[in-house]
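To start, the structure itself, in structure tokens.
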Amino acid sequence: MKEIDIPEDITSLEEKYKLLIKQLKELLNRNDHELSNLSILTSALKQTFSKISWVGFYLYDKEKLFLGPFQGKVACTTIEIGKGVCGTAASKKETIVVPDVAKFPGHITCDSDSKSEIVLPIISKDDELFGVLDLDSSEYNSFNETDKIYLEEICKFLVEEILT
Ligand code: SME
């Protein structure tokens with residue numbers, strides 16, 4: 001079984017992402033079930049970045065977002081489009097970086113320890129909403145432009161090479 005192995009001496013965020021993506025391309029497999037690939041991805045992200053307290057997918061059933069594979073504390077199971085950070089990222093089809101969740105209007109608190117968040121929309125090749133990838137941290141301002149760039153690259157790979 002292939003594993004995620006990010007040596008501790010790699011301290012640069014960008015280098016960690018580059019190595020993670022290289023290994024994800026070996027681990028994720030379009031012949032595996034969608035849930036298996038999404039589960040592998042959440043586990044790989046949680047294992048790689050200690051700043052992540054919760055990571056998971058909310059998938060779109062044409063009506064609402066529902067909880068998919070995740071790593072971390074129990075979480076809310078459904079989110080309306082347009083509600084919370086996830087529902088807003090889904091409706092706007094834009095990545096949202098939240099340095100302080102208390103300052104995001106309508107933030108949905110699943111874990112009272114969560115202090116910052118990044119949510120990325122996952123859009124299929126025909127511009128349909130598939131869901132969102134949600135990452136939380138128990139520290140303020142944990143996610144930045146580098147996270148956005150590389151997490152968007154991971155979501156693009158997921159859509160173009162794995163989910164189709
Ligand atoms: N904070 C998210 C809800 C999901 S929990 O963080 C897992 C939101 O505001 O949409």
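The values are calculated or read from the model by the stated rules, or taken from the named source; none is laboratory data. Remember, predicted model here, so these are calculated numbers, not experimental data. Note: ideal-geometry Cβ built from the backbone for every residue, glycine included; neighbour counts use all protein chains shown. In case anyone asks, the SASA skips ligands and DNA or RNA and just uses the protein heavy atoms, side chains included. Shrake-Rupley method; radii C 1.70, N 1.55, O 1.52, S 1.80 Å.
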| request: Please state which one of ALA90, ALA75 is within 7 Å of the ligand (Cβ to nearest atom) and out of contact with any Lys or Arg (no Cβ under 6 Å at 6 or more places or on another chain). | output: ALA75
| task | Scan region 82-106 for residues that are hydroxyl-bearing (Ser, Thr, Tyr) and either part of a helix (DSSP H, G or I) or open to solvent by 60 Å² or more (accessible area, probe 1.4 Å) (or both) and report the count. | result | 2
| task | Looking at (1) away from the ligand (no atom under 15 Å from the Cβ); (2) among the acidic types (Asp, Glu); (3) not in a loop (DSSP other than H, G, I, E, B), find the lone condition where GLU117 falls short. | result | (1)
| message | in contact with a Cys (Cβ under 8 Å, 6 or more places away or on another chain) and either aliphatic (A, V, I, L, M) or surrounded by 18 or more Cβ atoms within 10 Å (Cβ to Cβ) (or both): which single residue out of LEU151, LEU129, LEU163, LEU133 fits that description? | response | LEU133
| query | Do we find that LEU38 is farther than 22 Å from ASP113 by Cα, surrounded by 20 or more Cβ atoms within 10 Å (Cβ to Cβ), in contact with a strand residue (DSSP E or B) (Cβ under 9 Å, 6 or more places away or on another chain) and modelled with pLDDT of 95 or more in this structure? | reply | yes
| field | Cross-chain or 6+ apart pairs with Cβ under 6 Å, region 4-17 first and surrounded by fewer than 14 Cβ atoms within 10 Å (Cβ to Cβ), then of a type in the set (A, V, I, L, M) and outside any loop (DSSP other than H, G, I, E, B) | value | none
